[in-house]
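In what follows, a single structure is set out as structure tokens and then discussed.
Any read-out appearing in this document is the output of simple, stated calculations on the displayed coordinates, not a laboratory observation. As the structure is a prediction and not an experimental result, all values here were calculated from the model. FYI the Cβ positions are ideal-geometry reconstructions off the backbone, even for glycines, and counts take in every protein chain you see.
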Amino acid sequence: MDSMMTNFQNKTAVLTGAGSGFGLECARMGARLGMKLVLVDVQQDALDRAAAELSAAGATVMARRVDVSSAAQMEALAREVRDVMGVPHFVFNNAGVGSGGLVWENSVRDWEWVLGVNLWGVIHGVRLFTPMMLEAARQDPAYQGHIVNTASMAGLLTPPNMGVYNVSKHAVVALTETLYQDLRLVTEQVSASVLCPYFVPTGIHQSGRNQPTELAAQQPTASQLIGQAMMEKAVTSGKVTAADVAQKVFDALRGNHFYIYSHPQALGNVQRRMEGIVQSQEPPDPFSERPEVGARLKATLRGL
């Protein structure tokens, strides 16, 4: 099984969030490898640009504007992909939105929007494409499939002032680990990986551009504004690019690795968290490596 993903030529990939960030960079890499691409995004202009660029690069492209949080829209997409492009070999459930603020200050709509895209989008991708991939595997012993779900280091850590985002990403890690185990019970031909990037310049800090109208009209709380500013600073100052991460994703597909990290050096924080859990200690200081950031955040929030 570990030698499975060496030939990407003519393999079909479905990519959500394909208009920017990791989705677009994975699509560019797929085009270079001769893959057929199904590009999915909620933002029409970004989707059109991506489709034009990748078609010009010689790829077979199907582009669809889809809100991944919608069961009906995702069901229609899955049917159309199967009818037009055939059963995909790769599914990148990558669409995601950012969110900040103290956890009790988020409105029901904040929760619904972030969980809708970050978690339900992945759930729909998994529940709709896995059965058809398993069916293809049963019918063709040579068929190989792989699902990559985008979580975040925030799916392994619990930094303050971004609780809704953390919850959505922890759920994606749990979903993908379980998907991996479930697949192992039934097949050797289909597997899964989870992508846990740290701060990478992808445009996620501007995801408010795709908020539902009534949410965009909501006045952000002070802590949400601070969370937004901190995320913006962290994301835009990232040294690892989205293209670097796409390369890591394809390396992981070739090597059949489950966990994909943009910043393996951040795993010390995960280790401290896990040790705290095993030893029944309080959650560790998330700012132990950058105490000045924690001190600044605390002073700002207490001074409000």
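Screening the chain for DSSP H helices whose Cα atoms reach 24 Å or more along their own axis and whose mean Kyte hydropathy is at least -0.5 gives 121-139, 163-186. Kirkwood analysis of the Cα pair distances in region 90-177 returns a hydrodynamic radius of 13.9 Å. Taking other C-beta atoms within 10 angstrom as a stand-in for reagent exposure, 196, 26 fall in the order 196, 26, fewest first.
Packing here is the average count of other Cβ atoms within 10 Å per residue, and on that basis the peptides 16-22, 276-282, highest first, run 16-22, 276-282.
How high is the FRET efficiency between residue 279 and residue 6 when r is their beta carbon distance and R₀ equals 35 Å, given to the nearest 0.05? The pair residue 279/residue 6 has a calculated efficiency of 0.25. In the chain, helices alone account for a calculated mean residue ellipticity at 222 nm of -15500 deg cm²/dmol, with every DSSP H run of four or more residues adding -39,500 (n - 2.57).
For the chain, a Kirkwood radius taken over Cα pairs fed into Stokes-Einstein (37 °C, viscosity 0.692 mPa s) yields D = 165 µm²/s.
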